[in-house]
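A.B. asks: Before I ask anything, let me first share the structure, which is written out below as structure tokens.
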Amino acid sequence: MKNQKTPYKAHLFLCVKTRGGERKSCGDGVNPDLKPILKDEVKKRGWKPFIRVSESSCLGVCEAGPNIMIYPQQIWLSAVTLDDVPAIMATLEEIIDA
Ligand code: FES
């Protein structure tokens, strides 16, 4: 195993877990445009070396979804929609500026 320090100040995980309607899950409710928009916004601001946007599987809080978690800041965002992109960017900006 190679152990190294992450180059990112924060890692944003967008849950995309789907269950085909069997049970509530983020991937069944999240707008498919959200991830590319988040990635584009991060790139536009020049934050790509510092903020990583990734998909994740279940984060364990399915009923509250769609969910995003931002680590290592221990930030959880729930019921996320496209309207929340400016607020998400403001949160990331605080992390960049910290
Ligand atoms: S399906 Fe997203 S938190 Fe469980």
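A.B. asks: Tell me the angle of helix 34-44 to the major Cα principal axis of the chain, expressed in degrees between 0 and 90 and rounded to the nearest ten.
C.D. replies: So the helix axis and the longest Cα principal axis differ by about 10 degrees.
A.B. asks: Would you calculate, for the chain, the mean residue ellipticity at 222 nm contributed by helices, counting each DSSP H stretch of 4 or more residues as -39,500 (n - 2.57) and dividing by all residues, to the nearest 500? Working shown, then result.
C.D. replies: On the way: 3 runs with 28 residues, N = 98.
Using -39500 (n - 2.57) per qualifying helix, the result is -8000 deg cm²/dmol.
A.B. asks: Okay, moving on. Can you give the net charge of the other residues whose Cβ lies under 13 Å from the Cβ of Tyr8, counting K and R as +1 and D and E as -1? Intermediate values should be presented prior to the final figure.
C.D. replies: Numbers: positive: Lys5, Lys9, Lys48, Arg52; negative: none.
After counting each charged neighbour, the total is +4.
A.B. asks: If you find the alpha carbon centre of the stretch 61-98 and of the stretch 11-52, how far apart are they in angstrom?
C.D. replies: What the calculation gives is 10 Å, centre to centre.
A.B. asks: Glu63: net charge of surrounding residues, Cβ under 14 Å, Lys/Arg +1, Asp/Glu -1, itself excluded? If you can, show how the numbers build up before the last one.
C.D. replies: Details: positive: Lys17, Arg19, Arg23, Lys24; negative: Glu22, Asp28.
After counting each charged neighbour, the total is +2.
A.B. asks: Which Cys residues of the chain have no other Cys beta carbon under 4.7 Å away?
C.D. replies: Cysteines of the chain left without a disulfide-compatible partner: Cys58, Cys62.
A.B. asks: Could you compute the net charge surrounding Trp47? Neighbours are other residues with a C-beta less than 13 Å from the C-beta of Trp47; K and R count +1, D and E count -1. Display every interim value, and only then the final one.
C.D. replies: Details: positive: Lys9, Lys39, Lys43, Lys44, Arg45, Lys48, Arg52; negative: Asp40, Glu41, Glu93, Glu94, Asp97.
Here the charged neighbours net out to +2.
A.B. asks: Quote the relative contact order of the chain in percent (integer), defining contacts as alpha-carbon pairs under 8 Å separated by 6+ residues. Please list the in-between numbers first.
C.D. replies: Numbers: 145 pairs, mean separation 33.9, N = 98.
RCO, the chain: 35 percent.
A.B. asks: Can you put Thr81, Thr18 in order, fewest other beta carbons within 10 Å first?
C.D. replies: Thr81, Thr18
A.B. asks: Ranking Trp47, Trp76 by Cβ neighbours within 10 Å, fewest first, what do you get?
C.D. replies: Details: Trp47 20, Trp76 13.
The order, fewest Cβ neighbours first, is Trp76, Trp47.
A.B. asks: Now a separate question. Spelling out what I want: for every residue of the stretch 2-12, take phi, set θ = phi - 60°, compute 6.51 cos²θ - 1.76 cosθ + 1.60 (Karplus), and round to whole Hz; glycine and proline get x.
C.D. replies: Karplus values, whole Hz, x for Gly and Pro: 9, 10, 9, 7, 5, x, 8, 6, 8, 10, 9.
A.B. asks: Compute the helix-to-body angle for 85-97: its Cα long axis versus the longest principal axis of the chain, expressed 0 to 90° and rounded to tens.
C.D. replies: Tilt relative to the chain: about 30 degrees.
A short reminder: the numbers here are calculations on the coordinates, not readings from a lab. What you see is a predicted model, and the numbers here were worked out from it, not measured in a lab. Glycine also receives a Cβ, built like all others from the backbone with ideal geometry; neighbour counts cover every protein chain displayed.
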